Amino acid sequence: MASGRRIIPALFVVLWATGFIGARYAMPWAEPFSFLAVRFAIAFAILAVAALAMGQGRITRRDATMAAFAGVLMHGVYLGGVFWAIRHGMPAGLSALIVGLQPLITALLAGSLLGETVLPRHWAGLGAGLAGVAIVLAPKLGAIGDGVTWATLAASFVAVAGMSAGTIWQKRFLTESNLLAGTCWQYAGGAALMAIASFALESRHFTLNGELVFAMAWAVLVLSIGAIVLLMVMIRDGEVAKVASLFYLVPAVTALMAWALFGEQLTLIQIGGMALTTIGVALATQRAPATAA
């Protein structure tokens, strides 16, 4: 059991990184808020059936409300902001770099709001991780164009703030709740926010084809269910600041996937940045040695 838990962080990073690849397939064929509303609604339905079938559907009204609000932040605000910014011209590399600030923000909030101890070595690891992310993504920043506006920048930073706040909220109020039922209600909250945004701002037009169907299936089954359940387990079992630092690995893994799938350039400097990011994550997630009784 312990050995199985040790592979959860690595598996989560790989799965989460595929989200950027999947978005590349989906966005030409659907608007961001509409796509996310359908994605979250399907995930909610699947998890609701699974929870009832496994006898884990019971959850208090208070926990359901808290989980729904966490979903508004962690799914609706975060993914909604990222997808909207990219849809309106924000380069994916710059968007990922801004999202790379999330561990630093989460660590700061965890120290002040949850009383978690963030040691100097953890701050050093977080700083090294951010530097590594910048090195990996630096070659892509030359593509910045008219899509970088105050609106797209604001959307990206709002997305980061939403994920950070949602992570803190989850750890603060939901560590003792039913994991499966709680995740289900998270998607109810995220779907509600995206549905409102879709009806207010979009035409809700979909071009149904193989790429969109594949992207939706992958997003629901692998990301919205698989990766998010792993994230909830890590938040429940670990300190928030250390769990959040794993997000530093996502841009590097995404760069490797883009190189393999789409032939995007990957230089030795970028590989060095990935190594620096890995070292930073190791520092930020290192646990203090147990003391003898």
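The values are calculated or read from the model by the stated rules, or taken from the named source; none is laboratory data. Just so it is clear, the model here is predicted, and its values are computed rather than measured. Backbone-built Cβ (ideal geometry, glycine too); neighbour counts: all protein chains shown.
Here are a few things to note about the model shown:
- Considering segment 163-204, and only residues there that are part of a loop (DSSP other than H, G, I, E, B) and not hydrophobic (A, V, I, L, M, F, W, C), the residue that is surrounded by the most Cβ atoms within 10 Å (Cβ to Cβ) turns out to be S177.
- Residue within segment 225-246 that is at pLDDT 75 or above and either in contact with a Cys (Cβ under 8 Å, 6 or more places away or on another chain) or not aliphatic (A, V, I, L, M) (or both) present: yes
Residue by residue, here is whether (1) part of a helix (DSSP H, G or I); (2) touching a Phe, Trp or Tyr at 6+ places or on another chain (Cβ under 6 Å); (3) closer than 21 Å to L47 by Cβ holds:
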| residue | (1), (2), (3) |
| --- | --- |
| A161 | yes, no, no |
| E211 | yes, yes, no |
| W218 | yes, no, yes |
| L223 | yes, no, yes |
| V229 | yes, no, yes |
| I235 | yes, no, yes |
| A255 | yes, no, no |
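- Evaluating L231 against the criteria (1) more than 23 Å from A30 (Cα to Cα); (2) surrounded by fewer than 18 Cβ atoms within 10 Å (Cβ to Cβ) leaves one unmet condition, (2).
- All of (1) outside any helix (DSSP H, G or I); (2) modelled with pLDDT under 90 hold for L141 with one exception: (1).
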